[in-house]
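This report refers to the structure that appears directly beneath it.
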Amino acid sequence: MKLTIHGTGYVGLVTGACMAEVGNDVLCVDIDADKIQQLLDGQIPIHEPGLAEIVSRNAAAGRLNFTTDIDVGVQHGILQIIAVGTPPGEDGSADLQHVLAVAESVGQRIDEYKVIVDKSTVPVGTAEKVQAEIAKALAERGTEVDFDVVSNPEFLKEGGAIADFMKPDRIVIGSQSGRATELIRTLYKPFSRNHEKLILMDIPSAELTKYAANAMLATKISFMNELSNLAELCGADIEQVRLGMGSDPRIGFEFIYPGCGYGGSCFPKDVTALAKSAKQLDYHAELIHAVENVNNRQKQVLFNKIAQHFGNDLTGRTIAVWGLAFKPNTDDMREAPSRVLMEAVWAAGGRIRAYDPEAMEEARRLYGERPDLVLCDSAREAIAGADALAVVTEWQEFRSPDFDFILEQMSEPVIFDGRNIYDPDNMASLGFTHYGIGRAARRLGAS
Ligand SMILES: NC(=O)c1ccc[n+]([C@@H]2O[C@H](COP(=O)([O-])OP(=O)(O)OC[C@H]3O[C@@H](n4cnc5c(N)ncnc54)[C@H](O)[C@@H]3O)[C@@H](O)[C@H]2O)c1
């Protein structure tokens, strides 16, 4: 099938690459000329495991192409897949300007039947807006062309995006057109080999499903973080509680890790946008607001522990930060807890030595050169002379470091373990002061 993907970010590029991998003829369109040039030069603008190989293989085979030319883009695919960003607008609701810009461009150019597929995360009612935008552009041209709009929210997760796309748990389609549904069914057939993954529903339900899924996952995290704060106050260990809870199959172990807050390009903005959508319907989404508030508070927890440890004075202190990406296996630092921590340390007069296996370039882009930030080439380099180490992202390479080396390098052996990846008793026996999340601190010299 001929597909056009509008937006070549995490979702658009992964979708384009995976759709080409199963034999489709894919054209990716983006307004970012630098990004398209990089892709034409064989470079991948994002870090996503396995993506580079699939892109280069399919580009070489001629099944995956890139352009900024919207005329060629609209001409190319019978399916026009919208995968542009939907960042938070000023009031927190999803900003649909990019989605509607694509709809307008499509409406200005189509001359034969096409299906416009909303893959971006968009609030209920967006498919209708896309439909209206295309109809308006057609009316302005004085032309009538048949088209359908369907909703097809994307559930891939960064860091595991290829596997999620190639072997999806489910493919949600909101459609009210039999013709469009059949095309989408054909498109997704290769991804439903062992059983049917496609869940067909009405368009508003498909649009809401994406927010519901993300808000549920965010709720699980905030719930555990809320409990972790309570555990610290009442002398319980949240990691033991987690094991006791998770072994109930109705609860399960997935997504109940306490930590220093969720980040990324999806959960924060989608939770906020869902609350905003509710507000527009005169409904106060109590739980959704709480999830957001708990997370915002949780992102301060590591800093609060650090500040308290140093008597609320970080002047002249250097904090080593391991992990800048919002989660492992990505270079994405959007809404990352590391940013909240670093900015708080700077505001308190402290300095940062930071390391992340993939996000160094992104950190450089975000913060540039500043005297209170040293971007290091390795985890070992980051701890040199540091007064404390904060582990913010649970990358594999941080899980079992050479603790003797760390002890030698740091001016004070203090670890703030924002992801509970170290055993507190083990840390204490090695000679560290260890602060975890939701568990008692082990302080050197304390009995
Ligand atoms: N990142 C994820 O893990 C993820 C997962 C599921 C769903 N989503 C949703 O998918 C959508 C895209 O997210 P993303 O992370 O890929 O965004 P992104 O910011 O990485 O990429 C968006 C791309 O769209 C391009 N763009 C903007 N306007 C355009 C236009 N008019 N025509 C063509 N291209 C245009 C931008 O230049 C950019 O390259 C969002 O709605 C997001 O919520 C993201």
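The values are calculated or read from the model by the stated rules, or taken from the named source; none is laboratory data. Bear in mind that the values here come from a model prediction, so they are computed numbers and not experimental data. Reconstructed Cβ throughout: ideal geometry from the backbone, glycine too, with neighbour counts over all protein chains shown. The protein model used for the area step is the full one, side chains on, heavy atoms only, and it has no ligands, DNA or RNA in it. Shrake-Rupley method; radii C 1.70, N 1.55, O 1.52, S 1.80 Å.
Considering the options GLY235, PRO190, SER120, tell which one lies farthest towards the positive end of the dipole of the chain, charges being +1 on Lys and Arg and -1 on Asp and Glu at the Cβ, about the Cα centre.
Farthest along the dipole direction, towards plus: GLY235.
Excluding residues on the same chain fewer than 8 positions from LYS327, give the lysines whose Cα lies under 17 Å from its Cα.
LYS157, LYS220, LYS269, LYS299
Give the carbon-plus-sulfur fraction of the accessible surface of the range 208-324 in %, rounded to a whole number; probe 1.4 Å, heavy atoms of protein chains only.
About 59 percent, which is the carbon plus sulfur part of the accessible surface.
Kirkwood hydrodynamic radius for the range 395-447: how many Å is it when counted over pairs of different Cα atoms?
11.3 Å is the Kirkwood radius here.
What does the highest-first list of 304-314, 427-437, 331-341 look like by mean Cβ count within 10 Å?
Those peptides, ordered most packed to least, come out 331-341, 427-437, 304-314.
Could you tell me the extents of the range 316-396's C-alpha atoms along the three principal axes, largest first, rounded to whole Å?
Cα extents, longest axis first: 32, 22, 19 Å.
Placing +1 at every Lys and Arg Cβ and -1 at every Asp and Glu Cβ, with all other atoms neutral, what dipole size does the range 1-115 have around its Cα centre, in debye to the nearest 20?
It comes to approximately 420 debye.
How about the range 171-221: which trypsin sites (Lys or Arg not before Pro) there are in a DSSP loop, with at most 15 other Cβ atoms within 10 Å of their Cβ?
Counting only loop positions with at most 15 other Cβ atoms within 10 Å, the trypsin sites (Lys or Arg not before Pro) in the range 171-221 are ARG193.
Could you order peptides 39-48, 12-21, 137-146, 390-399 by the average number of other Cβ atoms within 10 Å of their residues, highest first?
The packing order, highest mean first, is 12-21, 390-399, 39-48, 137-146.
Among 318-326, 87-95, what's the highest-first ranking by average C-beta atoms within 10 angstrom per residue?
In decreasing order of mean packing, 318-326, 87-95 become 318-326, 87-95.
Projected area of the range 1-72, taken from the Cα convex hull and averaged over every viewing direction, in nm²?
4.1
Calculate the dipole size of the range 111-253 relative to its Cα centre from +1 charges on Lys and Arg beta carbons and -1 charges on Asp and Glu beta carbons; express the result in debye to the nearest 20.
Its charge dipole is roughly 400 debye.
Could you give the semi-axes, largest first, of the ellipsoid that matches the range 60-170, computed as the square roots of 5 times the alpha carbon gyration tensor eigenvalues and rounded to whole Å?
Over the Cα atoms of the range 60-170, the semi-axes work out to 24, 20, 13 Å.
In Å, what Rg and Dmax follow from the Cα atoms of the range 357-436?
Looking at the range 357-436, its Cα Rg and Dmax stand at 13.2, 40 Å.
Given contacts defined as C-alpha pairs under 8 Å and at least six residues apart, what's the relative contact order of the chain, whole-number percent?
Reported relative contact order: 11 percent.
Across 20 Å bins from the origin, how do the percents of Cα pairs in the chain run, short distances first?
24, 51, 23, 2, 0
For the chain, what is the mean residue ellipticity at 222 nm derived from helices alone (per DSSP H run of n ≥ 4: -39500 (n - 2.57); sum divided by total residues; nearest 500 deg cm²/dmol)?
Calculated from helices alone, the mean residue ellipticity at 222 nm is -13500 deg cm²/dmol.
Can you name the helices of the chain, as whole DSSP H runs, whose Cα span along the helix axis is 30 Å or more and whose Kyte-Doolittle mean is not below 0.0?
203-234
Rg to Rh ratio, the range 173-246, alpha-carbon atoms and Kirkwood radius?
Taking Rh as the inverse mean 1/r over Cα pairs, Rg/Rh reads 1.28.
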